[in-house]
Amino acid sequence: MRRRVLLAAAAGWLLAACTTAPPAATKKRVVTAADVFALDPSVLRAAVLTDTRVLMQAVAIELLAPAHDERFVIRLLQPVAVDPRLPAPPAGRAWQVFALTAEGTTTLVTVRQLLASRTPAAADAVSVSVSAQAAMVPADLLAALPVRIDMLVDNREGWFTQADGTLDLRR
(Lines give C-alpha, C1' and ligand atoms only; values in the text may rest on other atoms or scores of the structure.)
Protein backbone atom coordinates (compact mmCIF):
# COMPACT_ATOMS: atom_id res chain seq x y z
CA MET A 1 0.00 0.00 0.00
CA ARG A 2 1.37 3.36 -1.01
CA ARG A 3 1.33 6.02 1.70
CA ARG A 4 1.92 9.70 1.39
CA VAL A 5 3.22 11.73 4.27
CA LEU A 6 1.13 14.80 4.95
CA LEU A 7 1.96 17.36 7.55
CA ALA A 8 -0.79 19.86 8.27
CA ALA A 9 0.93 23.21 8.58
CA ALA A 10 -2.14 25.27 9.31
CA ALA A 11 -3.90 24.64 12.59
CA GLY A 12 -7.33 25.32 11.11
CA TRP A 13 -7.36 22.95 8.14
CA LEU A 14 -9.93 20.55 9.53
CA LEU A 15 -12.61 23.03 10.48
CA ALA A 16 -12.24 24.92 7.23
CA ALA A 17 -12.27 21.83 5.06
CA CYS A 18 -15.19 19.77 6.41
CA THR A 19 -17.69 19.06 3.69
CA THR A 20 -20.27 16.83 5.37
CA ALA A 21 -22.56 17.71 8.22
CA PRO A 22 -22.32 15.90 11.56
CA PRO A 23 -24.99 13.34 12.40
CA ALA A 24 -27.95 14.82 14.29
CA ALA A 25 -27.30 12.56 17.30
CA THR A 26 -23.77 13.91 17.75
CA LYS A 27 -23.27 16.15 20.76
CA LYS A 28 -21.58 19.09 19.09
CA ARG A 29 -20.11 22.12 20.76
CA VAL A 30 -17.32 24.53 19.90
CA VAL A 31 -14.38 24.88 22.29
CA THR A 32 -14.44 28.42 23.66
CA ALA A 33 -11.77 30.60 25.22
CA ALA A 34 -13.63 30.21 28.53
CA ASP A 35 -13.08 26.43 28.23
CA VAL A 36 -9.37 26.93 27.62
CA PHE A 37 -9.03 29.28 30.59
CA ALA A 38 -11.03 27.03 32.94
CA LEU A 39 -9.89 23.53 32.04
CA ASP A 40 -7.62 21.33 34.08
CA PRO A 41 -4.72 20.45 31.74
CA SER A 42 -4.59 16.91 33.13
CA VAL A 43 -8.17 16.31 31.92
CA LEU A 44 -7.81 17.77 28.42
CA ARG A 45 -8.05 15.11 25.73
CA ALA A 46 -8.68 15.10 22.00
CA ALA A 47 -9.88 12.02 20.15
CA VAL A 48 -9.67 11.65 16.38
CA LEU A 49 -11.87 9.09 14.65
CA THR A 50 -10.65 8.16 11.19
CA ASP A 51 -9.75 5.26 8.93
CA THR A 52 -7.64 2.63 10.69
CA ARG A 53 -4.87 3.09 8.10
CA VAL A 54 -4.39 6.77 8.94
CA LEU A 55 -1.77 7.80 11.46
CA MET A 56 -2.47 11.05 13.28
CA GLN A 57 0.39 12.89 14.96
CA ALA A 58 -1.41 15.48 17.06
CA VAL A 59 -4.40 17.65 17.69
CA ALA A 60 -3.74 21.39 17.78
CA ILE A 61 -5.62 24.07 19.67
CA GLU A 62 -5.04 27.50 18.19
CA LEU A 63 -5.68 30.60 20.28
CA LEU A 64 -5.95 33.91 18.43
CA ALA A 65 -5.80 37.23 20.26
CA PRO A 66 -6.59 39.77 17.53
CA ALA A 67 -6.21 42.79 19.83
CA HIS A 68 -2.52 41.95 20.26
CA ASP A 69 -2.04 40.32 16.85
CA GLU A 70 -0.93 37.09 18.57
CA ARG A 71 -1.40 33.44 17.71
CA PHE A 72 -0.58 30.54 20.00
CA VAL A 73 -0.76 26.84 19.14
CA ILE A 74 -0.96 24.20 21.84
CA ARG A 75 -0.48 20.66 20.58
CA LEU A 76 -1.82 17.52 22.20
CA LEU A 77 0.93 15.08 21.24
CA GLN A 78 0.86 12.35 23.90
CA PRO A 79 -1.03 9.24 22.71
CA VAL A 80 -3.22 7.83 25.47
CA ALA A 81 -5.67 4.96 25.83
CA VAL A 82 -9.06 5.21 24.19
CA ASP A 83 -11.67 6.39 26.69
CA PRO A 84 -14.53 3.88 27.10
CA ARG A 85 -17.01 6.78 27.07
CA LEU A 86 -16.28 7.40 23.38
CA PRO A 87 -18.77 5.72 21.04
CA ALA A 88 -17.75 2.46 19.40
CA PRO A 89 -16.10 3.22 16.05
CA PRO A 90 -17.71 1.97 12.85
CA ALA A 91 -16.01 -0.83 10.95
CA GLY A 92 -12.72 0.27 9.39
CA ARG A 93 -12.31 3.26 11.70
CA ALA A 94 -10.53 3.72 15.00
CA TRP A 95 -10.08 6.37 17.67
CA GLN A 96 -6.67 7.92 18.30
CA VAL A 97 -6.61 9.85 21.58
CA PHE A 98 -4.10 12.54 22.58
CA ALA A 99 -3.27 14.44 25.76
CA LEU A 100 -0.90 17.25 26.60
CA THR A 101 2.72 16.38 27.21
CA ALA A 102 4.45 17.99 30.21
CA GLU A 103 5.79 20.64 27.83
CA GLY A 104 2.30 21.18 26.38
CA THR A 105 0.87 21.65 29.86
CA THR A 106 3.53 24.25 30.65
CA THR A 107 2.81 26.02 27.36
CA LEU A 108 -0.93 26.08 28.02
CA VAL A 109 -0.50 27.52 31.52
CA THR A 110 2.02 30.12 30.29
CA VAL A 111 -0.20 31.20 27.39
CA ARG A 112 -3.23 31.52 29.67
CA GLN A 113 -1.26 33.66 32.13
CA LEU A 114 0.15 35.81 29.33
CA LEU A 115 -3.25 36.42 27.74
CA ALA A 116 -4.92 37.09 31.09
CA SER A 117 -2.26 39.66 32.02
CA ARG A 118 -2.66 41.55 28.73
CA THR A 119 -6.41 41.43 28.36
CA PRO A 120 -8.75 42.01 31.32
CA ALA A 121 -11.52 39.94 29.70
CA ALA A 122 -9.15 37.45 28.06
CA ALA A 123 -11.81 34.79 27.57
CA ASP A 124 -13.87 37.25 25.54
CA ALA A 125 -10.95 38.48 23.44
CA VAL A 126 -9.53 35.13 22.30
CA SER A 127 -10.88 32.90 19.55
CA VAL A 128 -10.23 29.15 19.57
CA SER A 129 -10.00 26.59 16.78
CA VAL A 130 -9.16 22.91 16.95
CA SER A 131 -7.65 20.74 14.22
CA ALA A 132 -6.13 17.32 13.67
CA GLN A 133 -2.71 16.91 12.10
CA ALA A 134 -2.24 13.84 9.95
CA ALA A 135 1.14 12.19 9.68
CA MET A 136 0.38 9.39 7.21
CA VAL A 137 -2.59 9.09 4.86
CA PRO A 138 -2.98 6.33 2.25
CA ALA A 139 -3.19 7.65 -1.30
CA ASP A 140 -6.72 6.28 -1.79
CA LEU A 141 -8.01 8.50 1.05
CA LEU A 142 -6.53 11.80 -0.13
CA ALA A 143 -9.75 12.81 -1.91
CA ALA A 144 -12.10 11.77 0.91
CA LEU A 145 -10.54 11.40 4.36
CA PRO A 146 -13.14 10.86 7.08
CA VAL A 147 -12.21 12.75 10.26
CA ARG A 148 -14.08 13.43 13.47
CA ILE A 149 -12.55 15.27 16.43
CA ASP A 150 -14.03 14.89 19.89
CA MET A 151 -12.81 16.87 22.89
CA LEU A 152 -12.86 16.29 26.62
CA VAL A 153 -12.38 19.51 28.57
CA ASP A 154 -14.36 18.60 31.69
CA ASN A 155 -15.05 15.12 33.05
CA ARG A 156 -18.55 16.15 34.22
CA GLU A 157 -19.63 17.23 30.75
CA GLY A 158 -17.90 14.35 28.97
CA TRP A 159 -16.88 14.14 25.33
CA PHE A 160 -18.36 16.35 22.66
CA THR A 161 -17.79 16.56 18.94
CA GLN A 162 -15.74 19.49 17.72
CA ALA A 163 -15.73 18.68 14.00
CA ASP A 164 -17.01 15.87 11.82
CA GLY A 165 -16.56 15.64 8.09
CA THR A 166 -14.74 14.46 5.02
CA LEU A 167 -11.59 16.22 3.89
CA ASP A 168 -10.17 16.57 0.41
CA LEU A 169 -6.39 16.75 0.97
CA ARG A 170 -5.55 17.12 -2.71
CA ARG A 171 -5.86 20.93 -2.52
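The values are calculated or read from the model by the stated rules, or taken from the named source; none is laboratory data. Bear in mind that the values here come from a model prediction, so they are computed numbers and not experimental data. So basically every Cβ, Gly included, is an ideal-geometry build from the backbone, and we count neighbours across all protein chains shown.
Worth pointing out:
- Close pairs (6 angstrom Cβ cut-off, 6 or more residues apart or separate chains): touching a residue at least 24 places away in the same chain (Cβ under 8 Å) in segment 41-53, among the hydroxyl-bearing types (Ser, Thr, Tyr) anywhere: Pro41/Thr105
- Remark: Ala125 matches the filter, which requires a residue to be surrounded by fewer than 22 Cβ atoms within 10 Å (Cβ to Cβ), more than 23 Å from Ala81 (Cα to Cα) and not acidic (Asp, Glu).
- The strands (runs of 3 or more DSSP E) found entirely in segment 1-98 that carry 2 or more residues being at pLDDT 75 or above and on the phi < 0 side of the Ramachandran plot are 45-51, 55-65, 70-76, 78-80.
- Restricting attention to segment 80-98, the residues that are within 16 Å of Val59 (Cβ to Cβ) and either of a type in the set (A, V, I, L, M, F, W, C) or in contact with a His (Cβ under 9 Å, 6 or more places away or on another chain) (or both) add up to 8.
- Note on segment 137-156: residues that are under 17 Å from the mean Cα position of the chain (by Cα) and either charged (D, E, K, R) or more than 23 Å from Arg85 (Cα to Cα) (or both) amount to 4.
- Residue within segment 92-111 that is in contact (Cβ under 8 Å) with a residue 60 or more places away in the chain, of a type outside the set (Ser, Thr, Tyr) and surrounded by fewer than 17 Cβ atoms within 10 Å (Cβ to Cβ) present: yes
- Unmet criterion (only one of (1) within 14 Å of Thr32 (Cα to Cα); (2) buried (at least 19 other Cβ atoms within 10 Å of the Cβ); (3) touching a His at 6+ places or on another chain (Cβ under 9 Å)) for Leu115: (1)
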